[in-house]
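Coordinate-derived values only; no laboratory data. Since this is a predicted model, take the numbers as computed values, not measurements. Don't worry about glycine lacking a Cβ; one is built from the backbone with ideal geometry, like all the others, and counts go over all protein chains shown.
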Amino acid sequence: MAELGFDVIGVDVDPEKIDSLSRGELPFHEPGLPELIRKHVDSGRLRFTTDMSEVGAWGDVHFIAVGTPQVKGGTGADLTYVDAATTSLVRSITKSGALIVGKSTVPVGTAARLYDLVQEQKNPGVELSLAWNPEFLREGFAVEDTLRPDRLVVGTRTEADEAKLREVYAEALGRETPWVSTDFETAELVKVAANAFLATKISFINAFAEVTETVGGDITTLADAIGFDDRIGRKFLNAGVGFGGGCLPKDIRALQTRVAELGLDHSMKFLDEIDQINLRRRKKAVARAFELLDQDVVGKKIAVLGITFKPLSDDVRDAPGLDVAARLFNAGADVQVYDPEGNKNAAKRYPRLGYVDSLSEAVKDAELVVLTTEWNEFKALTPADLEDLVAAKRFVDARNVLPAAEWEAAGWTFAQLGRKFRESDVPATH
Ligand code: UDX
């Protein structure tokens, strides 16, 4: 928003985050964002505070961008943070005519409920409204996706609120950028429908991977071939260890939970299958590791390359690679993890795994190498890079990014997901 020309204050209840942001330091990894933060902390257009009353007296537009994680011990979305942020913001707003804009991914019906809450809780004499404007940015591309969005979706109750948001986004809207103006329910559902579709696409190809790894065939060629049909498209058809992160898994679970509450559980039942297919892929990667080690992993040194849920991120929430590493560790293997950005966050969750600072340390004397996140550093690997370091030439490429024929020709026992490995392919049980 500062880059688009606005004066911006960022508010959070966590003083540590606010302190580090005020110094121009980002508390997580996101390419290009630290530079932008520093640029506008220096330009004076961006500052940070924990003081809600300061923004309440100052802002014309207030974005709420707090998380909606999966509830502990359940499958629905935890709305505690959205509710708390909205309530405390509304009570602080003293400037009449302000607009509150929800960006968080929420169960359908939340915006209407919060609209009523805003009207009930606002200060006397203050005019306040609420809009819903879902966020579609991808981690790793946050700056690009925000400054050049592929569409903007706004759910509003009044034309004035829509007009205000158009003004806010005028600079970011290219001539071709679709502007979708709609009601609260559609805006909320667009976000979860988009993520459910993406999750379905990934699990669709991974379901075919289960078939090809049993009957033979090549899953990547299959994806390429159906992807040439532009009604299908090649994107999000990469078979492998499946999807993870802070969005796709919890969003499909929250959607199912919400529609079940509405008495429509049959409508989204297929998402349960999508989730199950996805989780089976992690087990399959572990099963492949067992196969390559002749079912005996105890004490074996295994290098796990990549534990973030995807490259260009340090996010290990619901990360397939970390899950695979933990399963191998729990089965008795000596696991050495290397990820260019994710080691620190992973160590907070699984402190007992071995973490090293370089690829060569991870693979040194390894009896098996498992690639679980396709960082460029790993995609560029050749057999010659590793052969003098490892104890045995065994490799599981759980993202299907390396040329199998080349590795096999160099004498490696090389397995991928979605490719038949041995005649006696075993089911995923570990
Ligand atoms: C997703 C949506 O893409 C974004 O629009 C939304 O705002 C938030 O959720 P993100 O979580 O950053 O973004 O990651 P995304 O790039 O969608 O990848 C999700 C997961 O799917 C990753 O674990 C990735 O490795 C996996 N994936 C992606 C595959 O397994 N195969 C693919 O073909 C594509």
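Axis angle, to the nearest 10 degrees, between helix 110-121 and the longest C-alpha principal axis of the chain: 30 degrees. Over the chain, DSSP H runs of length four or greater, each weighted -39,500 (n - 2.57), average out per residue to a 222 nm ellipticity of -12500 deg cm²/dmol. Counting beta carbons within 10 Å around each of Thr182, Thr220, Thr156 and listing the fewest first gives the order Thr182, Thr220, Thr156.
Taking other C-beta atoms within 10 Å as the exposure proxy, Phe243, Phe208 rank Phe208, Phe243 from fewest upward. Across the alpha-carbon set of the range 134-191, the Rg to Rh ratio works out to 0.97, Rh being the Kirkwood radius.
A straight Cα-to-Cα reach below 14 Å connects Lys379 with the aspartates and glutamates Asp339, Asp397, Glu406, residues fewer than 8 places away in its own chain not being considered. Dipole magnitude for the chain: about 580 debye, using +1 per Lys or Arg Cβ and -1 per Asp or Glu Cβ, origin at the Cα centre. Taking a ≥ b ≥ c as the square roots of the eigenvalues of the Cα gyration tensor, the range 51-182 is classed as oblate, since a/c reaches at least 1.5 and a/b does not exceed b/c.
Dipole of the range 296-417 computed with +1 at Lys/Arg Cβ and -1 at Asp/Glu Cβ about the Cα centre; of Leu328, Val401, Leu386, farthest Cα towards the positive end is Leu328. The orientation-averaged shadow of the Cα convex hull for the range 281-416, equal to a quarter of the hull surface, comes to 6.8 nm². Phi angles across the range 377-389 convert, under the Karplus curve 6.51 cos²θ - 1.76 cosθ + 1.60 with θ = phi - 60°, into 3J(HN,Hα) values of 3, 8, 5, 8, 4, 10, x, 5, 4, 9, 5, 7, 9 Hz, Gly and Pro given as x. Would you list which lysines come within 17 Å of Lys201, measuring only between C-alpha atoms, while excluding same-chain residues fewer than 8 positions from it? Output for Lys201: Lys191, Lys235, Lys250, Lys269, Lys310. Applying 0.36 nm per residue to the separation of Glu25 and Ala194 and subtracting their alpha-carbon distance, the gain on full extension is 57.7 nm. P(r) tail for the range 191-273: Cα pairs beyond 21 Å make up 37% of the total.
Size descriptors for the chain (Cα atoms only): Rg and Dmax, in that order, 23.8, 77 Å.
Remark: Leu262, Leu386 ranked as Leu262, Leu386, counting other beta-carbon atoms within 10 Å and listing the fewest first. Counting 0.36 nm for each residue step from Ser360 to Arg113 and taking away their Cα separation leaves a gain of 83.6 nm. In this Cβ point-charge picture (+1 for Lys and Arg, -1 for Asp and Glu), the range 191-273 has a dipole of about 380 debye about its Cα centre. When only the Cβ of Lys, Arg, Asp and Glu is charged (+1, +1, -1, -1), the dipole of the range 51-182 relative to its Cα centre reaches about 200 debye.
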